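The values are calculated or read from the model by the stated rules, or taken from the named source; none is laboratory data. Nothing here was measured: the structure is a model prediction, and the numbers come from that model. Methodologically, a virtual Cβ is constructed for each residue, glycine included, from the backbone with ideal geometry; neighbour enumeration extends over all protein chains shown. Quick note on the areas: whole protein, heavy atoms, side chains included, nothing else; ligands and nucleic acids left out. Shrake-Rupley method; radii C 1.70, N 1.55, O 1.52, S 1.80 Å.
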Amino acid sequence: MAETQSLLANGAHEASPASHGSRAPETPFRARISAIATLTLGILGSSLLPLPYAFAKSGVLLGVVTMLVVAVCNTATCYWLLRASHATGHDSYEGVAEAIGGKRWKVATQVSLVVLLLGTMCGDCAVLHDAGLRTVHKLWLGSPPDWLLWSNGRVIEVMIVVLLVFPLCLLRRMRSLEAAAYAGSVVVVSIIVIIVGDCWRADFPAIRDGDLRVWDMRWTPDLPEAFAVLGFSFYVQPILMPLLHEMPRGPVGIKLTQQASAIVVAGIAVVIYGFVGIFGAARYGHRTASDLLVNDWLGGKRLEGVLDAAVVGYLAISLPPIQLSLRLTLAKLIYGDDEEEETLDTGRHVLLTVCIVATSLGVALVFPTAAERIYAFTGATAVAMICYLLPVSLHLMLRRQTRNAVLPSESDDRVIGSPTLSQDSGFQESFLEVICPVAVCVVGVGLSLLALGPLVAALFTRQVPSESS
């Protein structure tokens, strides 16, 4: 405990320049915009594809309420995690966990990060298989050659990963993907325009025919599937700390990262998910597929193929932020806590990247149709840990340990805000610092239990969860 108190007392000064890398000075505005673009790329990705399906199962009002609650909870845990980083002086998730809770909390964090990030990589590779196969069938003039369709299109999946995903995964800095993020935003806006336009022209058929509930919030057997999608579509915590490592040093960088995470999670993601989910469900109702690309939006095979190809490209550029975060976690786990991306030699850098991409691709090749189950499992376990349980637990432990402590600089403290260090023990402070975090934890655990339900039922019945149930 004495060592932990020492770390907390001096944490704001412990992050050395080497730990942040050598970066040319940049304006706060420029750094904030870059962080927003990078986090947006990381949070969306394949999360867009099942959103209409989730809203078709939940109904509009309940879907919106669930989405807003989850967005607020994830914004709060990002805030608490960054505030803990400021208090301890660490810019890695596992470093913060060790400084506050010791070795056991560090190990729990590392295991959860590996499960979540590797599971996401595997699931996204499986999604690339489906999207790539549809793209080839729709765009190829005539019949695609047999070698390309060998083993149900697995050759296509390997080509996408090797030619598109792997080269981007070799990048050392997450913010190097900023230009790709801007290109990806064009794809996302195009998807929104296509879905909204098609639904508008069809006069909202699912709502008009009563196939999509708008105000009804009653419980139905389909809701766990909807909660599993909406509940795990807002997490950025695994890529938040690697991004912080690339931001300006000190409290200013933490403040900019916190602002960017709030804008992305509670702003950009909510708006995009709302448009895609509500209008997509309003178009097809109970016929909405668990992957929005399965439904017909443009009314022509070639046009649908172009849309599929654009989504394949977007999914390919959304994988590297996940991979980079996993590579940093594994580097610290294998080579030591002092290992950073800047100090990782080229051989180890390439070896780790190859191993991560090859493992993810291998799992997806063996289980090409298991993306939904992979997402559900990682969401119900590792997302709950990384996005809810760990941030809240670390926040409460830090609050207890620093109850009567004072940060080295009050001005630095005010940059991000640290009510954990406040001497005020009134109801407002207790509500914000104890009751709200516990409520967030309850939300996370509840979503996990709901997501596990269909998986457990599938195990007992030896069936894959149905898309049309």
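Carbon-plus-sulfur fraction of the accessible area of region 84-215, 1.4 Å probe, in percent? Intermediate results must be reported in sequence, preceding the final value.
Numbers: 4010 of 5800 Å².
About 69 percent, which is the carbon plus sulfur part of the accessible surface.
In the context of the full protein assembly, Met385 retains an accessible surface of approximately 60 Å², using a probe radius of 1.4 Å and ignoring ligands and nucleic acids. Taking every protein chain into account, the 1.4 Å probe leaves Ile207 with about 70 Å² of accessible area, to the nearest ten.
Among Trp215, Trp297, Trp147, Trp105, the sequence by solvent-accessible area, most first, with a 1.4 Å probe is Trp215, Trp147, Trp105, Trp297. Here Lys301 is the anchor, and the lysines within straight C-alpha reach of less than 25 Å, apart from those fewer than 8 places off in the same chain, are Lys138. Annotation: Tyr53 carries an accessible surface of approximately 10 Å², with a 1.4 Å probe and no ligand, DNA or RNA atoms counted.
Whenever you get a sec, line up Leu450, Leu351 from highest to lowest accessible area (probe 1.4 Å, protein heavy atoms).
Details: Leu450 50, Leu351 95 Å².
Descending order: Leu351, Leu450.
For region 314-387 and region 26-99, what is the separation of their C-alpha centers, rounded to whole Å? A separation of 18 Å, based on Cα centres.
If you count only protein heavy atoms with a 1.4 Å probe, what accessible area per residue comes out for region 121-172, rounded to a whole Å²?
That works out to 46 Å² per residue.
Length, then width, then depth: along the principal axes, the Cα atoms of region 111-249 run 52, 51, 30 Å. The charge dipole of region 42-200, taken about its Cα centre with unit charges on the Cβ of Lys, Arg, Asp and Glu (plus for the first two, minus for the last two), comes to roughly 320 debye. Once the 1.4 Å probe is applied to the protein heavy atoms, region 254-374 comes out at 36 Å² accessible per residue. Ordered from largest to smallest accessible area (heavy atoms of protein chains, 1.4 Å probe), the residues Leu164, Leu319 come out as Leu164, Leu319.
If the Kirkwood radius is taken over C-alpha pairs of region 185-233, then at 4 °C and 1.567 mPa s the Stokes-Einstein diffusion coefficient equals 98 µm²/s. To put it simply, the accessible area of region 237-305 at a 1.4 Å probe is 66 percent carbon and sulfur.
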